[in-house]
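The values are calculated or read from the model by the stated rules, or taken from the named source; none is laboratory data. This structure is a prediction, so every number in the text was calculated from the model and none was measured. Note: ideal-geometry Cβ built from the backbone for every residue, glycine included; neighbour counts use all protein chains shown.
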Amino acid sequence: MDRFQLERLAATPYPQQTVWAAMHQDYSEDFVWDKRDRFPSETEAGELIVKYLLAGDRGHFGPLEHPQIVVNVGYFPHSMMQQLRTHRVGVSFDVQSFRYSGKRIIDVATGDRDLEDVFYLRPVGKYTNRQGKRYEYTPEQRQADCDWCRAAAERYQQRIAEGLSEEHARSLIPFDTRQHFVLSCNARSLMHLLDLRWKKDAQLEIQKFSELLFVQFADWMPAIATWYAENRAKKAKLSP
Ligand SMILES: Cc1cc2nc3c(=O)[nH]c(=O)nc-3n(C[C@H](O)[C@H](O)[C@H](O)COP(=O)(O)OP(=O)(O)OC[C@H]3O[C@@H](n4cnc5c(N)ncnc54)[C@H](O)[C@@H]3O)c2cc1C
């Protein structure tokens, strides 16, 4: 899977218990905190959430907004990051702007960094365009495009050496430069991201991102992720 990476930086501990507590407070006469010694286990809480909150598509997703996960996403192309950033509700991002720094680009020009570590080009292979027409991205085309990226890096290096600011010279950088970023979201917004971006007609790279995000989700909130996989994943459902 190319060199795409998605690692967990932090996440709310006991996320399923947290959701259960929020759900329980919706109908409990008592202060839920007082029952903390009798909370269901993390596994039992997951089963109860599925049974009372999610099964039958009840549409009561508020309690899922409490647990938060923070991930570090690496080596995806700029276009993928740009697509993700259209999601505003419950999702936050931090990403290099290239306004203050761009040493990676110069490193490609000087040969200190692998070009493919910095610039993303799709693998050689067979693809389909938006009109359903098949085409092939050949090794020769890809090599020529690598050369194009190297030439752009050299031009960037030259302009920086001539005194241009990074903010100015960044206009020369090819569009799909790889960008690392930090993303945080809650469990509800995470499922919303997957709903919109894990579909077969979504951009290939964002489908890969979705796969990697789902792996973290399944590790963090297994019962909810299993329910999601069985009921919503890749079904183009909208806005949980
Ligand atoms: C296949 C596809 C193609 C796209 N193409 C383009 C494109 O070419 N150019 C482009 O700019 N964008 C494009 N987008 C982005 C799209 O227009 C939305 O900006 C993006 O999907 C985020 O919307 P969201 O519903 O996920 O909002 P989120 O910010 O994730 O919000 C979640 C939900 O909260 C509610 N909500 C959020 N904000 C508002 C609001 N202001 N008013 C009312 N309800 C709100 C909605 O129910 C929304 O679904 C594309 C998206 C997809 C999935």
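Annotation: L6 fulfils all but one of (1) of a type outside the set (S, T, N, Q); (2) in a helix (DSSP H, G or I); (3) in contact with a strand residue (DSSP E or B) (Cβ under 6 Å, 6 or more places away or on another chain); the unmet one is (2).
Filtered by the rule that a residue be out of contact with any Leu (no Cβ under 9 Å at 6 or more places or on another chain) and either free of Cβ contacts under 8 Å to residues at least 24 places away in the same chain or within 13 Å of T177 (Cα to Cα) (or both), segment 142-157 gives Q143, A144, D147, W148, A151.
Restricting the search to strands (runs of 3 or more DSSP E) fully inside segment 15-131 and requiring at least 2 residues that are buried (at least 19 other Cβ atoms within 10 Å of the Cβ) and not charged (D, E, K, R) gives 68-77.
Looking across segment 4-28, the residues that are of a type in the set (D, E, K, R) and at pLDDT 95 or above come down to E7, R8.
The set of residues from segment 185-240 being touching a Leu at 6+ places or on another chain (Cβ under 7 Å) and among the acidic types (D, E) comprises just one member, D195. Note on segment 74-98: residues that are of a type outside the set (D, E) and either at positive phi or more than 14 Å from the ligand (Cβ to nearest atom) (or both) total 10. In segment 174-201, the residues that are farther than 15 Å from A229 by Cβ and within 11 Å of the ligand (Cβ to nearest atom) form Cβ pairs under 7 Å with partners that are modelled with pLDDT under 95 and of a type in the set (S, T, N, Q), at six or more places apart or across chains, as follows: H192/S239. Out of curiosity, is S101 within 16 Å of the ligand (Cβ to nearest atom) and in contact (Cβ under 8 Å) with a residue 40 or more places away in the chain? When the stated conditions are applied, S101 does not pass them.
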